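Okay, structure first, notes after.
The values are calculated or read from the model by the stated rules, or taken from the named source; none is laboratory data. Everything numeric in this text was worked out from a predicted model, so none of it was measured. Cβ placement follows ideal geometry from the backbone for every residue including glycine, while neighbour counts extend to all protein chains displayed.
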Amino acid sequence: MNAPANPRRPRCRRLIALVASAALGAGPALAADSDLHLDPHQALYTLTLDSAKSGSGVVGATGAMFYKWGETCDGWTLEQRFRLRVAYAEEEGTDLSSTLVTFESKDGLTYRFNERRLRDGELDQEIRGEAHLDGPGKGGTAEFVKPETASFKLKPGVIFPTAHTLALIAAAKAQQQFVSRFVFDGASVEDAGQISAVIGPPLKPPGDKAAKPLDDPLLQHMSWNMRLAFFPSDPTADQSQPDYELSMRLLDNGVSQDMKLDYTDYVIRAALTEIEKLPRPSC
């Protein structure tokens, strides 16, 4: 995933909203579960280099990520802005940034995505399209209009990112320790990729006297430490090792904390610094 001169690009939507579905069935059924309640919110994360292997060439990383997860009467909206500067020992640094906007229907059957990625201030890639499933647990179709016109079938069992988040929370509440699903997020003109998750035991909410932003009511929830492995969607690629891994603390209301994105040669940490609850729609 990383030669120093061409580090693997963090696929930003998977850094948070990424938490897609677990092995509990289709997203629509989970979304209707009365025990699952996602809190619309916006949050700011500070990005830093957590660690790097010798020989990777990476000596530092700084950046920030803004994340806004909103709710409408019929779906969930995501707005995410991401910037990261990676510094190298013997080369000039690289600036990566992206802006992502998505919509996912509450029935789990419709997903629209639009993302612009910049590298050193120049447009690197623009991705836009939508996907539809034919029904709960059924396959569907993904259509891209950028970076190229493309269309392909999604196999039965594929789900979208918010349905995956709901499924991870449902799996954690059911005390499942391992789940694996195929998730389509539109991060590239590819089929759905497999995400396998290892879920730890439940963690109690932090005390009321915790330092900000940890004293926010949004964070006074049950949570679980999870480690997600993202495998390539290309069937010809080596499936024995994931493209990258994400460790995180996921709360039962959909908020993410303590995230680390592991690219094998280096690890990026995302620390929550600000969070604010957003209003729900009056439907």
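Being surrounded by 16 or more Cβ atoms within 10 Å (Cβ to Cβ) and out of contact with any helix residue (DSSP H, G or I) (no Cβ under 8 Å at 6 or more places or on another chain) is the filter; apply it to region 71-85 and report the residue that is farthest from residue 61 (Cα to Cα). For region 71-85, the residue satisfying everything is 75.
Just a yes or no: is a residue in region 47-54 touching a Cys at 6+ places or on another chain (Cβ under 6 Å) and part of a loop (DSSP other than H, G, I, E, B)? The answer is no; no qualifying residue exists.
Taken as a whole, the structure places residue 182 among residues that are at pLDDT below 95, closer than 20 Å to residue 105 by Cβ, touching a Lys or Arg at 6+ places or on another chain (Cβ under 9 Å) and assigned to a strand (DSSP E or B).
Among the conditions (1) hydrophobic (A, V, I, L, M, F, W, C); (2) surrounded by fewer than 19 Cβ atoms within 10 Å (Cβ to Cβ); (3) under 21 Å from residue 65 (Cα atoms), the only one that residue 113 does not satisfy is (2). Of everything listed in (1) in contact (Cβ under 8 Å) with a residue 60 or more places away in the chain; (2) more than 25 Å from residue 188 (Cα to Cα), the single unmet condition for residue 60 is (1). Contact map, region 207-222: residues that are within 20 Å of residue 248 (Cβ to Cβ) and polar (S, T, N, Q) paired with residues that are in a loop (DSSP other than H, G, I, E, B) and modelled with pLDDT of 55 or more, Cβ distance under 6 Å, separation 6+ or inter-chain. Pairs shown: 220/205. Restricting region 190-213 to residues that are surrounded by fewer than 17 Cβ atoms within 10 Å (Cβ to Cβ) and hydrophobic (A, V, I, L, M, F, W, C) leaves a set whose member that is modelled with the highest pLDDT is 198. Entry remark, region 110-130: residues being within 17 Å of the chain's Cα centre (by Cα) and in contact (Cβ under 8 Å) with a residue 24 or more places away in the chain number 5 in total.
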